[in-house]
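Heads up, the thing below is written out as structure tokens.
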Amino acid sequence: MADAFKNTPPKAEKLGAMTEENLKAAFAGESQASQKYLAFAAKADAEGYPNISRLFRAVAYAESMHARNHLSVLGGIGDTAANLKAAWGGETFEIDEMYPAYDAVAKLQGNAEAGTSIRYALTAEKDHQAIYDSTGKGLGAGNDLTDAPVRVCPICGHTVIGDAPDECPVCGTAGQFFTAF
Amino acid sequence: MSDGETSVLGELEHRLPRPDALHAMDLADLKAAFAGESQAAERYLVFAEQAAAEGLPHVATLFRAISFAETRHARNHFRVMAGIGATADNLQTAFEGESFEIDEMYPAYVEVARLQGDRQAFKSLHWALKAEVDHKRMYAEARETVLAGGDIAEQQVSVCQVCGHTVVGDVPDKCPVCAAPGSAYRTFS
């Protein structure tokens, strides 16, 4: 494999079944490592370790690069129209299947904090599903989105286009804390 | 990226879901949900790059924003699972994760990719394995420093945006793993 180290990100290729399975597992692992390290970075900041926080953030970013490379080889990156459709499909699965089932189990088992975390996510995924749907339709008609900011509640993930509400309708966090993109 | 995280968490932390004594099925569900949110966040970041490359900057912004929302969900699930400890413990957790990938996961995956002749997969897996070795060492050193009572030195950390090679201090002229130029590094300072 002498030519395996050219200076380009890896590309999609026809994969053996076992390699495909392994890459999927590696994508899952890198994605989760990245999120763990971001959470650890926030904790390090809170404990007064700004330099360890920076290390966690940088390594989280490195894991993101690995995740992107694995996803690329898996053929998981299409054009934007296809990506919007894939994103819509993922949100739809979470809304119709995954989170309602998890929510029911959390209620059954009386795990209130788990229930909160699950309901925050379920509620936001509905925002995402609607936004991906309208964005995909706009793109089909030849239009990019408007340049209105997209705002995200840093507590529950509630997502709105345009102005932040006075108070998050899902978790009650004041709108001034929303993160604007 | 969770750049908004540190600026607001102090004031708002009491609003987040807390660690819970979880039943086994709830724990299994939250683990699966954490895996799903983490992967969605990464996918959307990649989709944002693709949208930007297609001249759709606002769709790119949307993907980045929703990626951030998914990271909030991932963090919430992770908190409820009691995944976040003190920094010394978090460094140990990170060290163990990197060790597993270096000693077990990636060597097996790299070998299978070689066996099956999947060159692009080999490259992607090999690059990751290389970087995890650096990460493991950095986490071990950082943990020692914390246990001795201090933060690590204030030095920039840079990441190759092609292969994920991670370096503390000066950026090399050329990435030693994938040969990308030094300009391909993103610096955290």
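The values are calculated or read from the model by the stated rules, or taken from the named source; none is laboratory data. Just so you know, these numbers come straight off a predicted model, no measurement behind them. Neighbour counts are summed over all protein chains in view; Cβ atoms, including those assigned to glycine, are modelled from backbone coordinates with ideal geometry.
Against the condition part of a strand (DSSP E or B) and surrounded by fewer than 24 Cβ atoms within 10 Å (Cβ to Cβ), how does B:VAL167 come out, does it pass? So B:VAL167 passes the test.
On the given criteria, is B:GLU101 in a helix (DSSP H, G or I) and surrounded by fewer than 19 Cβ atoms within 10 Å (Cβ to Cβ)? Against the criterion (in a helix (DSSP H, G or I) and surrounded by fewer than 19 Cβ atoms within 10 Å (Cβ to Cβ)), B:GLU101 does not qualify. Do the conditions hold for B:ASN90, that is, is it out of contact with any His (no Cβ under 9 Å at 6 or more places or on another chain) and free of Cβ contacts under 8 Å to residues at least 24 places away in the same chain? Yes: the conditions hold for B:ASN90. Filtering the range B:109-123 for residues that are modelled with pLDDT of 95 or more, more than 8 Å from chain A (Cβ to nearest Cβ), within 17 Å of the chain's Cα centre (by Cα) and assigned to a helix (DSSP H, G or I) leaves an empty set. Among the residues of this structure, B:LEU27 counts as one that is farther than 20 Å from A:ILE95 by Cβ and more than 7 Å from every other protein chain (Cβ to nearest Cβ). Checking A:GLY136, A:GLY142 one by one, the residue that is at positive phi and of a type in the set (Gly, Ala, Ser) is A:GLY142 and no other.
Of the residues screened, B:ALA88 is not one that is at the interface with chain A (Cβ under 7 Å from one of its Cβ atoms), surrounded by fewer than 21 Cβ atoms within 10 Å (Cβ to Cβ) and part of a helix (DSSP H, G or I).
The residues in the range A:112-138 that are surrounded by fewer than 21 Cβ atoms within 10 Å (Cβ to Cβ), at the interface with chain B (Cβ under 8 Å from one of its Cβ atoms) and aliphatic (A, V, I, L, M) can be counted, and the count is 1.
For the range A:45-62, a residue qualifies if it is at pLDDT below 95 and of a type in the set (Gly, Ala, Ser), and the qualifying residues are A:ALA46, A:GLY48.
Residue count for the range A:37-64, restricted to those that are assigned to a helix (DSSP H, G or I), surrounded by fewer than 24 Cβ atoms within 10 Å (Cβ to Cβ) and without any contact (Cβ under 8 Å) to a residue 12 or more places away in the chain: 7.
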